[in-house]
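A short worksheet on the structure shown next.
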Amino acid sequence: MLKVYQYEKCSARRDALKWLELKKIKHEISAIRETPHSVAELKEMLKAKGDLKKLFNTSGQDYKALGGFK
């Protein structure tokens, strides 16, 4: 089943969930702040995507506060 990590204030998340519901695609929702990814999950996603910018909102305040990835 597709797992959707959500951040309540994200408009892209709202649009994505609306699309999934419209297409009747089964999915599981997980709050990203309350249940962040494990290191193993992050490594798996990075391997699949190949670019950190595809995994993180690099314009977000949290990302900037942490100094991004160097």
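Could you say whether any residue in region 11-22 is in a loop (DSSP other than H, G, I, E, B) and surrounded by 10 or more Cβ atoms within 10 Å (Cβ to Cβ)? Steps first, answer last, please.
First pass over region 11-22, keeping only residues in a loop (DSSP other than H, G, I, E, B): none.
Taking every residue of region 11-22 in turn, none turns out to be in a loop (DSSP other than H, G, I, E, B) and surrounded by 10 or more Cβ atoms within 10 Å (Cβ to Cβ).
Scanning region 53-65 for residues that are open to solvent by 60 Å² or more (accessible area, probe 1.4 Å) and farther than 19 Å from LEU2 by Cα, we see that the one that is nearest to the chain's Cα centre (by Cα) is ASN57. Total residues in region 50-70 satisfying the condition of being assigned to a helix (DSSP H, G or I) and among the aliphatic types (A, V, I, L, M): the figure is 2.
Can we say VAL39 is at negative phi, in contact with a helix residue (DSSP H, G or I) (Cβ under 8 Å, 6 or more places away or on another chain), hydrophobic (A, V, I, L, M, F, W, C) and free of Cβ contacts under 8 Å to residues at least 60 places away in the same chain?
Values: at negative phi: yes; in contact with a helix residue (DSSP H, G or I) (Cβ under 8 Å, 6 or more places away or on another chain): no; hydrophobic (A, V, I, L, M, F, W, C): yes; free of Cβ contacts under 8 Å to residues at least 60 places away in the same chain: yes.
No, not satisfied.
If you go through region 30-49 and pick out every residue that is open to solvent by 80 Å² or more (accessible area, probe 1.4 Å) and not in a helix (DSSP H, G or I), you end up with 3.
The values are calculated or read from the model by the stated rules, or taken from the named source; none is laboratory data. Because the structure is a prediction, the values reported are computed rather than measured. All Cβ positions, even for glycine, are placed from backbone atoms using ideal geometry, and neighbour counts span all protein chains on display. Protein only, heavy atoms only, side chains kept; ligands, DNA and RNA dropped before computing areas. Shrake-Rupley method; radii C 1.70, N 1.55, O 1.52, S 1.80 Å.
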